Amino acid sequence: MSKWGNIFFREGEDFRAGAVFVVDKPLHWTSFDVVNKVRICLRKGYGKIKVGHAGTLDPLASGVVIVCVGKETKKIEEYMGQEKEYVAEITFGHTTPSYDLETSFDGEFSYEQVDRACLERAVQQFIGEIEQFPPSYSAVRVDGVRAYEMARRGDEVEMKSRKVMVREIEILKAEFPIVELRIVCSKGTYIRSLAHDLGKVCGSGSHLSALRRTRVGDFRVEDGFKMDEIIGVLQENL
């Protein structure tokens with residue numbers, strides 16, 4: 001293996017000519033935090049250099065963030081458009097305004113009626129091309145303003161539905177009130193919305209309690225760097 005590990009270069013070992021690799025983003029880091037740390041490490045050998053990521057991952061999620069460097073940043077849109085795979089933990093019994101744990105509970109629901117058979121029937125309704133409303137706590141722009149900015153101010157946010165493709169949902173665990181799903185979907189799919197809507201279909205309420213992105217296109221989390229690993233590789237070899 002190259003001294004650079006799973007860093008794929010466009011020409012030789014020249015970051016400026018273009019390089020791409022996966023970082024397994026830790027919980028509570030933003031995607032920008034990852035990019036900024038890589039950019040700081042690269043300054044030693046390259047000074048000012050373009051670094052970007054191909055698709056934001058929420059701070060409360062972990063997993064695949066594709067990092068593009070140099071001329072490879074021109075391919076960010078291409079990478080963003082590729083199919084995604086997630087492992088999602090969904091907890092029944094409570095809802096939140098953000099559909100995840102960014103905000104506090106705003107509703108309490110019984111879930112005794114939700115069993116494995118009910119869950120299996122429900123997930124079938126979310127496979128294929130579906131209409132989905134993004135969460136009001138999202139980066140979608142409404143009249144030129146980020147929806148989450150309006151939601152955090154307490155403003156009424158009217159979200160428009162969008163079509164997304166969910167190719168596969170596999171039930172990995174069903175130990176109620178917690179279920180774990182593997183979801184393969186298109187760009188633009190909000191797993192938080194799916195978690196929220198699943199609770200409704202099951203006659204209860206639910207929220208996304210944990211999320212891990214395991215794949216984007218052919219980029220898999222098991223082939224990615226932990227943050228300390230990529231920092232070490234760059235510091236040792238530049």
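Tell me whether the range 61-69 contains one or more residues that are surrounded by fewer than 18 Cβ atoms within 10 Å (Cβ to Cβ) and not small (G, A, S). Among the residues of the range 61-69, not one is surrounded by fewer than 18 Cβ atoms within 10 Å (Cβ to Cβ) and not small (G, A, S), which makes the answer no.
Checking each residue in the range 187-238 for being of a type in the set (D, E) and either closer than 26 Å to S138 by Cα or in contact with a Phe, Trp or Tyr (Cβ under 6 Å, 6 or more places away or on another chain) (or both) picks out only D197. The one condition from (1) in contact (Cβ under 8 Å) with a residue 40 or more places away in the chain; (2) closer than 23 Å to E77 by Cβ; (3) open to solvent by 30 Å² or more (accessible area, probe 1.4 Å) that I191 does not meet is (3).
For every residue, the table says whether it meets (1) exposed (fewer than 14 other Cβ atoms within 10 Å of the Cβ); (2) of a type in the set (D, E).
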position: S104; (1), (2): yes, no
position: V114; (1), (2): no, no
position: Y148; (1), (2): no, no
position: E156; (1), (2): yes, yes
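The number of residues in the range 108-152 that are modelled with pLDDT of 90 or more and among the aromatic types (F, W, Y) comes to 4. When only residues in the range 194-220 that are closer than 15 Å to N6 by Cβ and within 12 Å of the chain's Cα centre (by Cα) count, which is surrounded by the fewest Cβ atoms within 10 Å (Cβ to Cβ)? Ranking the qualifying residues of the range 194-220, first place goes to R215. Considering the range 107-122, and only residues there that are outside any helix (DSSP H, G or I) and either more than 21 Å from V179 (Cα to Cα) or small (G, A, S) (or both), the residue that is nearest to the chain's Cα centre (by Cα) turns out to be G107.
Out of V20, V35, one residue alone is within 14 Å of T73 (Cβ to Cβ), part of a strand (DSSP E or B) and either touching a Leu at 6+ places or on another chain (Cβ under 8 Å) or open to solvent by less than 50 Å² (accessible area, probe 1.4 Å) (or both). It is V20. With respect to F133, determine if the residue is loosely packed, with under 15 Cβ neighbours inside 10 Å and not small (G, A, S). Criteria not met by F133. Scan the range 123-141 for residues that are within 16 Å of L198 (Cα to Cα), within 17 Å of the chain's Cα centre (by Cα) and part of a loop (DSSP other than H, G, I, E, B) and jot them down. Correct list: F133, P134, P135.
Filtered by the rule that a residue be within 23 Å of R215 (Cα to Cα) and open to solvent by 20 Å² or more (accessible area, probe 1.4 Å), the range 40-57 gives H53, T56.
All conditions in (1) in a loop (DSSP other than H, G, I, E, B); (2) surrounded by fewer than 18 Cβ atoms within 10 Å (Cβ to Cβ); (3) in contact (Cβ under 8 Å) with a residue 60 or more places away in the chain hold for E89, with the sole exception of (1). Count of the range 38-53 residues, restricted to those that are outside any helix (DSSP H, G or I) and either in contact with a Ser or Thr (Cβ under 6 Å, 6 or more places away or on another chain) or of a type outside the set (A, V, I, L, M) (or both), is 5.
Comparison of K173, K163 shows that the only residue that is open to solvent by 60 Å² or more (accessible area, probe 1.4 Å), without any contact (Cβ under 8 Å) to a residue 12 or more places away in the chain, farther than 20 Å from P59 by Cβ and in a strand (DSSP E or B) is K173.
The values are calculated or read from the model by the stated rules, or taken from the named source; none is laboratory data. The model shown is predicted, which means the values in this text are computed figures rather than measured ones. Glycine gets a Cβ as well: all are built from the backbone with ideal geometry, and neighbour counts include every protein chain shown. Please note that ligands, DNA and RNA were not included when accessible areas were found on the heavy atoms of the full protein model with its side chains. Shrake-Rupley method; radii C 1.70, N 1.55, O 1.52, S 1.80 Å.
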